[in-house]
């Protein structure tokens, strides 16, 4: 389960985002990070029951580092003020379609799908949506799916992408730059003993989209 101390650490870090404080409180970070690793490990086991592709993943390969790359950033704060993990075949670096959870005071959510695919991947997904529109719409417009997640998230083009007709029945989906869905959670719910199950249920509901995206990217 998600520990209250993990959120407490992140609140403190947001107010003290500097190396001196972080070094002096390294044990707080280690405890928080270990909590996220444990939650990720629990989730991998639950997700593997409906998505065997993630079975046996090392949870440490899924958890994001807290250290920011500030080389080209105006904000030189050395640490992220959130923790989270991306669970997908190959771990977070594989960037395959998968499942993400985000832990930050006041911002706790799940997300699933493919976020900001590169140009080659995006074309493959768009081609799959254009060629299999009925199948895709059956997934994302299914009542249970749509009631739970709403519309697909992310930025979109203002015009149809090059090579696709403006009157294509799936044109609004073809304009998307990402293909993800997700849910937000209140802090009291995230700190409950059932949070891993809540996240796993969200990911299970998104699985048809994950399957479609995996096939598109083969």
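The values are calculated or read from the model by the stated rules, or taken from the named source; none is laboratory data. This one's a predicted model, so the numbers in the text were calculated from it and none came from an experiment. Cβ atoms come from the backbone with ideal geometry, glycine included; neighbour counts cover every protein chain shown.
With (1) assigned to a strand (DSSP E or B); (2) in contact with a helix residue (DSSP H, G or I) (Cβ under 9 Å, 6 or more places away or on another chain) as the list, and residue 138 as the residue in question, which single condition is left unmet?
Every condition holds for residue 138 apart from (1).
Is it the case, given these coordinates, that residue 42 is in contact (Cβ under 8 Å) with a residue 40 or more places away in the chain, assigned to a helix (DSSP H, G or I), touching a helix residue (DSSP H, G or I) at 6+ places or on another chain (Cβ under 8 Å) and within 21 Å of residue 194 (Cα to Cα)?
For residue 42, the condition - in contact (Cβ under 8 Å) with a residue 40 or more places away in the chain, assigned to a helix (DSSP H, G or I), touching a helix residue (DSSP H, G or I) at 6+ places or on another chain (Cβ under 8 Å) and within 21 Å of residue 194 (Cα to Cα) - is met.
Any idea which of 197, 215 is touching a helix residue (DSSP H, G or I) at 6+ places or on another chain (Cβ under 8 Å), farther than 18 Å from residue 96 by Cβ, surrounded by fewer than 16 Cβ atoms within 10 Å (Cβ to Cβ) and modelled with pLDDT of 95 or more?
197
Only residues in the range 147-162 that are more than 23 Å from residue 112 (Cβ to Cβ) count as the first member; pair them with residues that are exposed (fewer than 11 other Cβ atoms within 10 Å of the Cβ) and modelled with pLDDT of 95 or more, Cβ under 7 angstrom, at least 6 apart or cross-chain, and list the lot.
160/166
So residue 49 fits all but one of (1) more than 17 Å from the chain's Cα centre (by Cα); (2) under 18 Å from residue 198 (Cα atoms); (3) part of a helix (DSSP H, G or I); what number is the exception?
All conditions are met except number (3).
Suppose the filter is more than 30 Å from residue 21 (Cα to Cα), at pLDDT 95 or above and either touching a strand residue (DSSP E or B) at 6+ places or on another chain (Cβ under 7 Å) or assigned to a loop (DSSP other than H, G, I, E, B) (or both); does residue 173 pass it?
The answer is no for residue 173.
Could you tell me how many of the residues in the range 56-82 are crowded, with 16+ Cβ neighbours inside 10 Å, touching a residue at least 60 places away in the same chain (Cβ under 8 Å) and assigned to a loop (DSSP other than H, G, I, E, B)?
Residues in the range 56-82 being crowded, with 16+ Cβ neighbours inside 10 Å, touching a residue at least 60 places away in the same chain (Cβ under 8 Å) and assigned to a loop (DSSP other than H, G, I, E, B): 2 in total.
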